Amino acid sequence: MRWGVVTFPGSLDDSDAVYALEQVLGEEVVRLWHNDRSLHGVDCVVLPGGFSYGDYLRAGALARFSPVMETIVRFAHDGGLVSGICNGFQILCESGLLPGALIRNRGLSFLCTMVRVRVEDTDTPFTRSYRQAEVLHLPIKHGEGCYVADARTLEELEDNRQVLLRYVDSAGRATEEANPNGALRNIAGIVNATRNVFGLMPHPEHACETLVGGADGAGIFRSVRATLSEGLPARAASVPPGL
Amino acid sequence: MTTTLPPVTAAQAAEHGLSAQEFERFCVAIGRVPNLVELGVCSVMWSEHCSYKSSRAVLRNLPTAGPRVLQGPGENAGAIAIGDGLAVVFKIESHNHPSYVEPYQGAATGVGGILRDIFTMGARPIANLNSLRFGSFDHPRTRYLVGGVVSGIGGYGNCVGVATVGGDIYFDRGYNENILVNAFTLGVVRADRIFRARATGVGNPVIYVGSKTGRDGIHGASLLASAEFDDTTEAKRPTVQIGAPFTEKLLIEACLELMERDAIVAIQDMGAAGLTSSSVEMAARGGLGIAIDIDQVPKREATLSAYETLLSESQERMLIVARAGAEAAVMEIFAKWGLDAVVIGAVTDDGLLRVRAGGEEVVTLPIEPLAHGAPVYERPYAPPADLEDLQRLDLNQIPPPSDYNALLLRLLDAPNIASKRWAFQQYDQVVGGNTVVGPGSDAAVLRIKGTKKALAFSVDCNSRYCLLDPYVGAMSAVVEAARNVVCGGAEPLGVTDCLNFGNPEKPEIMWQFREAVRGLRDACTALAVPVVSGNVSFYNETDGRAIPPTPTIALVGLLADVSHHTTQWFKSEGDVVLLLGRTREELGGSEYLAAVHDLVRGTPPWIDLAVEMQVQQVCLQAIRDGLVRSAHDVSEGGLAVALAEACISGPNEMLGAEIEMEAAIRPDAWLFGESQSRVVLSVRRKHVSRVRDLARAADVPLTVLGEVRGRRLRIGSLIDVAVADLRRAWAEALPRRMEE
């Protein structure tokens, strides 16, 4: 399978996503440029973290108008897999591929810290290699990570099991203390109704190696690979031992 | 030749910050009286900030060479080879005055400026650190300044995608009206692809790239950074530059992409004194001239004059000397990233700076005097009159504490010791994917992709020590930074220094400066760490009150094997706690004395450089031999604080310890004294004898202090506190004061 990582002007963690996928997980990666309408045959698109367009107007507001996003929206409507991390999640909400919005952190400051998130549903291409209710240690680093949506949308998300990651404490409870940014219902990541578009605020690409902070994030990428590899011959692993 | 612009008067020269003698010196050098635009050019090139006229003579003594040094002082940053065909490029710089006047933008543009100094040499920046000094919390402006500066550092650094991985923050009433913001950046580059800022090739095009030029920052270098504060300070607000990190991010990508080709011969960022300093300095290094047409410069306002254009310190701009014929390649790359790129002039062979505006030549000045003609002052110096008295400390006058537990909690609550998480959690610590150890331990550690290696960083300066004895204080800054990096598992490699002082025209300040540089020289020589770059910031005074001397040291170390990285917190119950080094009965300059008795007196803890080196060597060898579970340098607050930090500062569950006390000196000195050259180690029981052997072979005292155990810190019969209580005091101190 082939991954595509998009670079907008101001994207920051695009290179980190490419490194994690290519060097750490041994995946085939194509870098996609914001002005290029072609997705070059990728199977899964990653919208990375950063400050695309300097967060001008609102985080993610301008990126949604870029040529590559037009193609990505069609790709998603056709069932293609899309994963938006942090600024990528913001872009997905701005372009209507995911419901709700990400607003300023409750504490009003940018916050970079490790959080615990619980895997709420494993029946998606992004979470199937985790166990139900598994708790992951992942880094967050954002100023606008507070997920909000109206009451009806929130109910739908819960009823349809579209909440994939929820902030929890060391005892696995979704408390206020465990919530770093005020996100409603401690929501850290959601999937769309057709379960092919995933947005999350934590950074799994920064959690693929124990050396640099832990490897709990690798499962998200491995889940996608497993989904797409179904029925295909097992690929000779270039995944480093211990992951 | 020149212009219809009239020659200036002596009064105008004075307004520009030039003394009567300096003005005359310049007129003699160019053989006439300059016009106003030329005066502007001279005033910034000869400002203290750009010319180092008060410090050059003293700085000559610093050790700047070494077998791995690829670039010493003289370029935009220093460079040291690290093997695997790579080099590290790094520097620290101050942005003190602007940050006091406008904390967010002052700090933000400080970060922006130092980043440019690194990537202008072809190195992708991978690590930022910052050293901050604020006034005391009971000063009304402190909270506002702290909030603004931290916000500004995060606002710029995070948006530009360079991880901020360490630093230090101190509070002292001596900085009430003069805060310090020193910003450090390091980048990695292929050793054979380092770009320099030396103009070559007569006829080569000079290309301006980046943001448009506006009116911000004019005279930032000459009048803001090179003068004290007084009641006209507020009016200096327009001299603070405004930053745009998104533009800088595009600039980084565009420049690094350009540097992969063979299109350019020289590049320099436009920092202090903007277009003027970058063009003059590049021409000077090449022994050539440069001719510019101001009308070609992209401007924010059409009405910008030649004077304003030349002196503007608008951010995010670079000046490039390209190969003749490579202009198209440069334009193409900058167009791709959405940045302006315009040919504004050419390299010449007449040794002149020629500037045209509106069709006439408004500046015709020889490069040599501009770049190298500023006077080199050997200013008078004498120790401060009150220093001898200040150094007197009679320990018999210091009553021992009645409640050691309360005292320990009080020290952990002191802003200089307490957790700085409130600040560093506002910084992106992981972007770039290299952070092995982030803020919160003695040294930050970043791995180098594609190798087994890693880099370690620390920035240090105890200004109280420097006030009491600038020579010993400066030495302490160097050895402490080295010790921190050693505790992280690295071998010290090189230093960059930011020397922050008051008004050098005052003999006592000049004395402090000379003494500090002497200490810096002796320590760097003994430790074999060259000073490859640095910065001097003078005039940190308000209404005649100077800051304590603050020679800030940032030190970079190298781990041959990243797996040797070590952190400062205890790891497992049952591990044995050891102390390397000796504790003397000395309390001079200690946090204990300041926080509890409100005294800054005595002499700073003594340093024996030979002893220090031996302690560092034993620590590093033990780490390399795989014997060390945790290593923590003993500094402010002394041994009790170091032990408490080892218990509480880790990311996992806290661990307690049972520690025996030594009875030979007075207890508060043993617990809270800040004797140098000491490290607290924790090792597995089975490894104690091997560490003892290493210490014995190097003649380093080693004491078995006790054991990691339980959930309380017990030291002798004097200290017995739950680690949860220690942690609460330490973690809440800064947030509580910021929210008050």
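If the condition is being crowded, with 18+ Cβ neighbours inside 10 Å and not polar (S, T, N, Q), then segment A:115-127 contributes A:115, A:116, A:117, A:118, A:119, A:120, A:121, A:125, A:126. The C-beta contact set for segment B:411-432 (first residue closer than 20 Å to residue B:464 by Cβ, second residue of a type in the set (Val, Ile, Thr) and assigned to a loop (DSSP other than H, G, I, E, B), distance under 6 angstrom, 6+ apart or interchain) comprises B:411/B:417. Here residue B:221 passes the criteria (1) under 20 Å from the mean Cα position of the chain (by Cα); (2) buried (at least 24 other Cβ atoms within 10 Å of the Cβ); (3) outside any strand (DSSP E or B); (4) modelled with pLDDT of 80 or more except the one numbered (4).
Annotation: of all residues in segment A:1-27 being out of contact with any Phe, Trp or Tyr (no Cβ under 7 Å at 6 or more places or on another chain) and in a strand (DSSP E or B), the one that is farthest from residue B:161 (Cα to Cα) is A:2.
Taken as a whole, the structure leaves residue B:628 outside the set of residues that are of a type in the set (Val, Ile, Thr), assigned to a helix (DSSP H, G or I) and under 23 Å from residue B:445 (Cβ atoms). Scanning segment A:1-18 for residues that are of a type outside the set (Val, Ile, Thr), within 13 Å of chain B (Cβ to nearest Cβ) and touching a residue at least 12 places away in the same chain (Cβ under 8 Å) returns A:8, A:9, A:10, A:11, A:12, A:13, A:14, A:16, A:17.
Mind listing whichever residues of segment B:349-377 are touching a Lys or Arg at 6+ places or on another chain (Cβ under 6 Å) and among the hydrophobic types (A, V, I, L, M, F, W, C)? B:374, B:376 - these are the residues of segment B:349-377 that are touching a Lys or Arg at 6+ places or on another chain (Cβ under 6 Å) and among the hydrophobic types (A, V, I, L, M, F, W, C).
The residues of segment B:46-83 that are more than 26 Å from residue B:471 (Cα to Cα) and either more than 20 Å from the chain's Cα centre (by Cα) or assigned to a helix (DSSP H, G or I) (or both), listed by number, are B:46, B:47, B:67, B:68, B:70, B:81, B:82, B:83.
Name the residue, out of B:28, B:58, B:69, that is exposed (fewer than 14 other Cβ atoms within 10 Å of the Cβ), more than 23 Å from residue B:312 (Cβ to Cβ) and not small (Gly, Ala, Ser).
Going through B:28, B:58, B:69 in turn, the sole match is B:28.
Tell me yes or no: at least one residue of segment B:721-739 is assigned to a strand (DSSP E or B) and either without any contact (Cβ under 8 Å) to a residue 40 or more places away in the chain or under 21 Å from residue B:401 (Cβ atoms) (or both). Yes, the conditions are met somewhere in segment B:721-739.
Is it fair to say residue B:646 is buried (at least 24 other Cβ atoms within 10 Å of the Cβ), hydrophobic (A, V, I, L, M, F, W, C) and not in a loop (DSSP other than H, G, I, E, B)? Yes, satisfied. For first residues located in segment A:106-127 and closer than 26 Å to residue B:652 by Cβ and within 14 Å of chain B (Cβ to nearest Cβ), partners that are among the hydroxyl-bearing types (Ser, Thr, Tyr) and buried (at least 16 other Cβ atoms within 10 Å of the Cβ) and lie 6+ apart or on another chain with Cβ distances below 6 Å form the pairs A:115/A:167.
Each row is one residue, and each column tells you yes or no for (1) under 18 Å from residue A:46 (Cβ atoms); (2) of a type in the set (A, V, I, L, M); (3) over 13 Å from the mean Cα position of the chain (by Cα); (4) assigned to a loop (DSSP other than H, G, I, E, B).
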position: A:90; (1), (2), (3), (4): yes, no, no, no
position: A:96; (1), (2), (3), (4): no, no, yes, yes
position: A:113; (1), (2), (3), (4): no, no, yes, no
position: A:127; (1), (2), (3), (4): yes, no, no, yes
position: A:155; (1), (2), (3), (4): no, no, yes, no
position: A:174; (1), (2), (3), (4): no, yes, yes, yes
position: A:190; (1), (2), (3), (4): yes, yes, no, no
position: A:198; (1), (2), (3), (4): yes, no, no, no
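Selection of strands (runs of 3 or more DSSP E) fully inside segment B:389-472 by the criterion of at least 2 residues being more than 14 Å from chain A (Cβ to nearest Cβ) returns B:454-460.
On inspection, residue A:55 does not qualify as in contact with a Ser or Thr (Cβ under 6 Å, 6 or more places away or on another chain) and of a type outside the set (S, T, N, Q).
Residue A:85: buried (at least 23 other Cβ atoms within 10 Å of the Cβ), touching a residue at least 60 places away in the same chain (Cβ under 8 Å), away from chain B (no Cβ under 11 Å) and out of contact with any helix residue (DSSP H, G or I) (no Cβ under 7 Å at 6 or more places or on another chain), yes or no? No.
Consider segment B:537-562 and keep the residues that are part of a strand (DSSP E or B) and in contact with a Lys or Arg (Cβ under 9 Å, 6 or more places away or on another chain). The one that is surrounded by the most Cβ atoms within 10 Å (Cβ to Cβ) is B:550. Across segment A:42-49, a minimum of one residue is classified as within 22 Å of residue B:161 (Cβ to Cβ), modelled with pLDDT of 95 or more and within 14 Å of chain B (Cβ to nearest Cβ). In segment A:19-41, the residue that is nearest to residue A:207 (Cα to Cα) out of those that are acidic (Asp, Glu) and more than 12 Å from chain B (Cβ to nearest Cβ) is A:27. Among the listed residues B:258, B:288, B:304, identify the single one that is of a type in the set (A, V, I, L, M, F, W, C), away from every other protein chain (no Cβ under 14 Å) and buried (at least 24 other Cβ atoms within 10 Å of the Cβ). Checking each option against the conditions leaves just B:258. Residue B:297 falls short of the stated requirement of being surrounded by 17 or more Cβ atoms within 10 Å (Cβ to Cβ), within 17 Å of residue B:262 (Cα to Cα) and within 34 Å of the chain's Cα centre (by Cα). Filtering A:54, A:60 for residues that are surrounded by fewer than 24 Cβ atoms within 10 Å (Cβ to Cβ) and without any contact (Cβ under 8 Å) to a residue 60 or more places away in the chain leaves a single hit, A:54. I'd like the full set of residues that are part of a helix (DSSP H, G or I) and either surrounded by fewer than 17 Cβ atoms within 10 Å (Cβ to Cβ) or under 37 Å from the mean Cα position of the chain (by Cα) (or both), limited to segment B:687-720. Within segment B:687-720, B:689, B:690, B:691, B:692, B:693, B:694, B:695, B:696, B:697 qualify. For residue A:65, the conditions (1) within 12 Å of chain B (Cβ to nearest Cβ); (2) within 21 Å of residue A:100 (Cβ to Cβ); (3) surrounded by fewer than 15 Cβ atoms within 10 Å (Cβ to Cβ) all hold with the exception of (1).
So in segment A:128-147, with the set limited to residues that are away from chain B (no Cβ under 14 Å) and either among the hydrophobic types (A, V, I, L, M, F, W, C) or buried (at least 24 other Cβ atoms within 10 Å of the Cβ) (or both), which one is nearest to residue A:80 (Cα to Cα)? Ranking the candidates gives A:147 first.
The values are calculated or read from the model by the stated rules, or taken from the named source; none is laboratory data. Because the structure is predicted, anything quoted here is derived from the model rather than measured. With ideal geometry, Cβ positions are generated from the backbone for all residues, glycine too; neighbour counts draw on all protein chains shown.
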